[in-house]
Amino acid sequence: MDLEKLFENAECEKSILKIADGDHDALRVIHKYMNRQIYAVAYAVLRDFSLSDDIVQETYVKIMEKASSYEKGTNARAWILSIARNLSIDVYRRRSLDCADHDVREEENRFDEGSVLFSMEVKRALDTLDDEERQIVTMKVYAELKHKVIAKILDISEEACKKKYQRAIAKLRVLL
């Protein structure tokens, strides 16, 4: 992990510990360092701008609820992004069930500042990847996470993460 990411991780850990002690203003530090990464993880799973915004907010709520369960000395950034990913997967599953039960037309994505991250061409290319590949690429490229952290979040080996990333990038090169 480079120095900047080590600093961010340390600041996020301090903030989580402060939140656990009741200092909810410490959430601002997590927002400062992690907002874009949380959004990127949510978008990688959901592929919906509006739902990804909702997940960002839910992640902050969950951080406040679960801060006391954080284990000091572990990777704070990975802990936060695991929360975002798990919340996103829950929404994805509920949404899939809703779509299976009802003939629901997918809501058209609205434009917001987060959409600047994803041009339509890149979005279409990312959509051709399977869920895990898309999540790995998004966490690596947009959230700027290391393979080790991504592997921990996805509960796969670091080597498997690297191989899946390489395969996904090769697919994207062909498409783009």
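For the range 12-49, the set of residues classified as assigned to a helix (DSSP H, G or I) and among the charged types (D, E, K, R) consists of Glu13, Lys14, Lys18, Asp25, Arg28, Lys32, Arg36, listed by residue number.
Selection of the range 140-164 for residues being of a type in the set (Gly, Ala, Ser) and more than 25 Å from His31 (Cα to Cα) yields Ser157, Ala160.
For every residue, the table says whether it meets (1) within 17 Å of Lys152 (Cβ to Cβ); (2) in contact with a strand residue (DSSP E or B) (Cβ under 7 Å, 6 or more places away or on another chain); (3) not basic (Lys, Arg).
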{"residue": "Ile16", "(1), (2), (3)": "yes, no, yes"}
{"residue": "Asp25", "(1), (2), (3)": "no, no, yes"}
{"residue": "Arg28", "(1), (2), (3)": "no, no, no"}
{"residue": "Ala42", "(1), (2), (3)": "no, no, yes"}
{"residue": "Asp48", "(1), (2), (3)": "no, no, yes"}
{"residue": "Val56", "(1), (2), (3)": "no, no, yes"}
{"residue": "Ile80", "(1), (2), (3)": "yes, no, yes"}
{"residue": "Asp90", "(1), (2), (3)": "no, no, yes"}
{"residue": "Arg93", "(1), (2), (3)": "no, no, no"}
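Checking each residue in the range 149-176 for being of a type in the set (D, E, K, R) and exposed (fewer than 11 other Cβ atoms within 10 Å of the Cβ) picks out Asp155, Glu159, Arg173.
Scan the range 12-32 and tell me whether some residue there is at pLDDT below 95 and of a type in the set (S, T, N, Q). Checking the range 12-32: not a single residue is at pLDDT below 95 and of a type in the set (S, T, N, Q).
Set side by side, the residues Asp103, Asp98 differ, and just one is modelled with pLDDT under 95, in a helix (DSSP H, G or I) and at negative phi, which is Asp98.
Per-residue answers, yes or no, for (1) farther than 23 Å from Val137 by Cα; (2) under 10 Å from the mean Cα position of the chain (by Cα); (3) touching a residue at least 24 places away in the same chain (Cβ under 8 Å):
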site	(1), (2), (3)
Leu17	yes, no, yes
Ala20	yes, no, yes
Asp23	yes, no, no
Ala44	no, yes, yes
Asp54	no, no, yes
Ile80	no, yes, yes
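For the range 34-52, which positions are polar (S, T, N, Q), farther than 19 Å from Ile16 by Cβ and surrounded by fewer than 21 Cβ atoms within 10 Å (Cβ to Cβ)? Full working, then the answer.
Residues of the range 34-52 that are polar (S, T, N, Q), as a first pass: 35, 37, 50, 52.
Subsequent filtering for residues that are farther than 19 Å from Ile16 by Cβ retains 50, 52.
Ser50, the sole residue that qualifies.
Kindly evaluate Asn9 against the criterion of being in a helix (DSSP H, G or I) and free of Cβ contacts under 8 Å to residues at least 40 places away in the same chain. Don't jump to the end; show me each part of the working.
Values: in a helix (DSSP H, G or I): yes; free of Cβ contacts under 8 Å to residues at least 40 places away in the same chain: no.
Taking the combined requirement at face value, the residue does not satisfy it.
Just checking: which of the helices (runs of 4 or more DSSP H) contained wholly in the range 126-176 hold 2 or more residues that are under 15 Å from Ala84 (Cα atoms) and either at pLDDT below 90 or not polar (S, T, N, Q) (or both)?
Numbers: elements: 131-141, 147-154, 158-175.
Of the helices (runs of 4 or more DSSP H) lying wholly inside the range 126-176, those with at least 2 residues that are under 15 Å from Ala84 (Cα atoms) and either at pLDDT below 90 or not polar (S, T, N, Q) (or both) span 131-141, 147-154.
The values are calculated or read from the model by the stated rules, or taken from the named source; none is laboratory data. This is a predicted model, so every value here is computed, not measured. Counting neighbours? That spans all protein chains shown, and the Cβs are built from the backbone with ideal geometry, glycine included.
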